[in-house]
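Let me begin by presenting the structure, written as structure tokens, before commenting on it.
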Amino acid sequence: MGKDAPGSLKKVSDIGFKHLELASYENGKFYGYTPEEFKKLVSDLGMDIISSHAGVNPKGVTDDEVKKMAEDHAKVGSKYCMQPYIDDKDRGSIAGYQKMVADWNRVGKIMKANGIQFGYHNHNFEFGPVEGKVPYFDIFLAEMDKDLVTMEIDLFWAIKAGQNPVELFKKYPGRFQLFHMKDMYTKEAPFFKTASSDFAPVGDGVINFKEILAAKNIAGMKYMFVEQDQTKDGKPFVAIKESITNLT
């Protein structure tokens, strides 16, 4: 996308994808384009923008900054704005996590007033213990307002952290509106450091997606996205084509 956004989008469209999630929002632009410009690029190819990864700084943002972010997401046509990550330096304490979640509830309220659903995308570190608690369960799902902050479950990272997604859905029904679909080549003991090169196209690895998708209504899933972080052979378009073929 950094080298050739229009060409990359054309390939994604040709492969058969219809819904997109973005991952570049900075200074009011998406991949360097204004919201209106980027929306037209996507619409002209017969696709829709559903979601966007656009992080909120853990130090906090003003109401005006959140409103601007929500307005830009509305202009680009996105329904969701997702908090995609938390840096290592901001994960040290339960009090820090609690402050973030309180901020996210406020952000979610402003976003919702502007027609955007805010949410959180997990990796695996959220399932590791901090000061005797597990942030994902004891802070995120416990203290997030479920109407203001939905969960985008990254199935790869949840499973790498030793979680069973179906059991998660049963315990917290309706909380997971978005799925990140990505597979893994190997089953490993649970770990909580977000570092891996085990990414496989969906259906080429060991995750039981049929079982997971059979529980999508319990989860509250509305959209799923193929996410291929990296490939072993450096051919991402081949990988995402394998994913959509296997899914369909």
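Structural remarks
- Single residue of the range 10-33 satisfying the filter (more than 24 Å from Tyr85 (Cα to Cα) and of a type outside the set (Lys, Arg)) that is most open to solvent (accessible area, probe 1.4 Å): Asp14
- Any hit, the range 219-235, residues being farther than 23 Å from Ala102 by Cα, open to solvent by 40 Å² or more (accessible area, probe 1.4 Å), hydroxyl-bearing (Ser, Thr, Tyr) and part of a loop (DSSP other than H, G, I, E, B): no
- Of the set (1) within 24 Å of Lys170 (Cα to Cα); (2) in contact (Cβ under 8 Å) with a residue 24 or more places away in the chain; (3) open to solvent by 10 Å² or more (accessible area, probe 1.4 Å); (4) not aromatic (Phe, Trp, Tyr), all apply to His121 but (3).
- Here the condition is being modelled with pLDDT under 95, of a type outside the set (Asp, Glu) and more than 30 Å from Lys89 (Cβ to Cβ); of Lys216, Lys232, Lys210, it holds for Lys232 alone.
- Taking first residues from the range 181-192 that are among the basic types (Lys, Arg) and partners that are in a loop (DSSP other than H, G, I, E, B), the Cβ contacts under 9 Å between residues at least 6 apart in sequence or on separate chains come to Lys182/Pro201; Lys182/Val202; Lys182/Gly205; Lys182/Ile207; Lys182/Glu227; Lys182/Gln228; Lys182/Asp229; Lys187/Val206.
- Residues (under 19 Å from Phe169 (Cα atoms), of a type in the set (Lys, Arg) and open to solvent by 70 Å² or more (accessible area, probe 1.4 Å)) located in the range 181-216: Lys210, Lys216
- Subset of the range 86-113 [in a loop (DSSP other than H, G, I, E, B) and either modelled with pLDDT under 95 or touching a Pro at 6+ places or on another chain (Cβ under 6 Å) (or both)]: Ile86, Asp87, Arg91, Gly92
The values are calculated or read from the model by the stated rules, or taken from the named source; none is laboratory data. Quick caveat: nothing in here was measured; it's all calculated off a predicted structure. Ideal geometry is used to build each Cβ from the backbone, glycine not excepted, and the neighbour counts take in all protein chains shown. Each accessible area value is taken on the protein alone, full model and side chains, heavy atoms only, with ligands, DNA and RNA left out. Shrake-Rupley method; radii C 1.70, N 1.55, O 1.52, S 1.80 Å.
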